[in-house]
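Down below is the structure, laid out as structure tokens.
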Ligand SMILES: Cc1cc2nc3c(=O)[nH]c(=O)nc-3n(C[C@H](O)[C@H](O)[C@H](O)COP(=O)(O)OP(=O)(O)OC[C@H]3O[C@@H](n4cnc5c(N)ncnc54)[C@H](O)[C@@H]3O)c2cc1C
């Protein structure tokens, strides 16, 4: 194998979606699985550090590799095989969920699990073991991955949950630290239309919101609540709850029934670069008030295309620029049912610290998956967007981490850029088991990220 430096390598300052921190690395576009093996061998003999990168939608430093080689997997974007009868697809890891949906929806299939943006690669979805609005019913993405191909410094491996469970489940939610996934075989979910039947209603306060979401566990396939993160007093936790199901042909208006699997065209508007911070406290308060008031008091049912239901934020591309130069972060945690009280405490503490969450989403999780580092566990998860660098923010979140850890909860690595390492073992009790498998797959410790160094997920010598 040639160790000649491949073309198309460049120095970059890589950051996560929150743009709150960045680190310098070399990046190389991976043009084929063989090229990936060459790049891994090259990194092993040069910088000694490498990491896969997809579409950079992890909010913090999970897809950063200071001083190392970032393996840009986006060119590995082919759908290799599609069985339209069984709904099984073999796809390269750099393929985005958006590109995959474009092919599978007209054939009557949908992603079994999808995060809140379609701008995520298959590799990124597996590496973070992403969850969606149907977690209470269907679990995480990895529950639908039949096989994957992992490239490590010691060679390529075909991994499945049954033949190689330890390695498969260390790679799922392994945040790129076991190697680079080049392809996966994924089981899809059948649909008869590209539309969703969506029921929207208001939750007057936190108690009402949580009660409605609990009830929706049994009644609805998809459920989530947008929460007004700045409402206080009796209105604390007021929300707009959306419950969804895939629409059947009978749910569509007669003109739509002739081509039920063809979604309307959706376009996204770009946000220009170099904006000052436009998401400010007064704007958040005004937006939240209007959004809550606009939602119907009584449940309202409507039929929507799947993109505005699953991916409303994708309508504005690069919306992360609205937070200006200092960026933003997302604090996402989960706590078990018996510590549901933490949800209220977190809101109260953020308000007491003068914080203005710009976007808050509350959701119930169902049973946990088998991967040691998978984030979801049964209970309540809350994702909270906050402008970075504001007064008190670091101390406030440090205290919240302690509260969440003491409640047997955890924060989500795919969103994190600031957790301290001391709490990781309490939040992820199976970390030691994961490290053993990880060290077998990557004995020289080639794969490393800024997140892994900061949280001491892997042994690291500079
Ligand atoms: C608007 C928005 C909404 C979101 N909503 C949700 C949600 O609802 N649920 C949820 O779970 N997540 C959600 N996320 C987070 C997102 O799904 C994850 O961070 C996902 O990992 C991003 O994929 P990516 O392709 O952008 O990967 P990157 O951000 O580039 O990388 C993320 C991690 O995956 C690893 N990785 C990437 N490609 C590979 C590969 N080929 N092989 C091995 N490792 C790889 C990287 O090393 C890194 O550790 C959201 C993010 C955004 C921006």
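Numerical summary
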quantity: Residue exposure sequence - 337, 228 - by fewest surrounding Cβ within 10 Å; calculated: 337, 228
quantity: Antiparallel bridges, percent of DSSP beta bridges restricted to the range 195-419 (to nearest 5); calculated: 95
quantity: Three principal axis lengths of the range 79-191 [C-alpha, angstrom, descending]; calculated: 40, 29, 26
quantity: Whether the range 260-376 is rounded, prolate or oblate, judged on the alpha carbon gyration tensor where a/c under 1.5 counts as rounded; calculated: rounded
quantity: Normalised per residue, the volume of the convex hull around the Cα set of the range 121-254 (Å³); calculated: 152
quantity: Computed over the range 305-422: relative contact order in percent, which uses C-alpha pairs under 8 Å that are six or more apart; calculated: 35
quantity: Label-point separation in nm, residue 338 to residue 430, each point 7 Å along Cα→Cβ; calculated: 2.0
quantity: Label-point separation in nm, residue 326 to residue 268, each point 7 Å along Cα→Cβ; calculated: 2.6
quantity: Value of Rg/Rh across the range 379-462 [Cα atoms, Kirkwood radius]; calculated: 1.00
quantity: For the range 138-197, average projected area of the Cα convex hull in nm²; calculated: 5.3
quantity: Cα-Cα P(r), the chain, percent of pairs per 10 Å interval; calculated: 4, 21, 31, 27, 13, 3, 0
quantity: Value of relative contact order over the range 195-419, rounded to a whole percent, pairs C-alpha under 8 Å and six or more apart; calculated: 24
quantity: FRET efficiency for residue 349 and residue 9, using Cβ-Cβ distance with R0 set to 56 Å, rounded to 0.05; calculated: 0.80
quantity: Label point 7 Å beyond Cα of residue 317 along Cβ direction - residues of the range 84-123 with amide nitrogen under 16 Å; calculated: 96-100, 102, 117-121
quantity: The chain - percent relative contact order, Cα under 8 Å, separation 6 or more; calculated: 18
quantity: Between the range 221-259 and the range 436-460, the alpha-carbon center distance in angstrom; calculated: 40
quantity: Taking N as its residue count, the alpha carbon Rg of the range 195-419 over 2.2 N^0.38 Å; calculated: 1.07
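Laboratory data are not the source of any read-out in this text; all were calculated from the coordinates shown. Since we're looking at a predicted model, the values are computed, not measured. Heads up, the Cβs are rebuilt from the backbone with ideal geometry, glycines too, and the neighbour counts pull from every protein chain shown.
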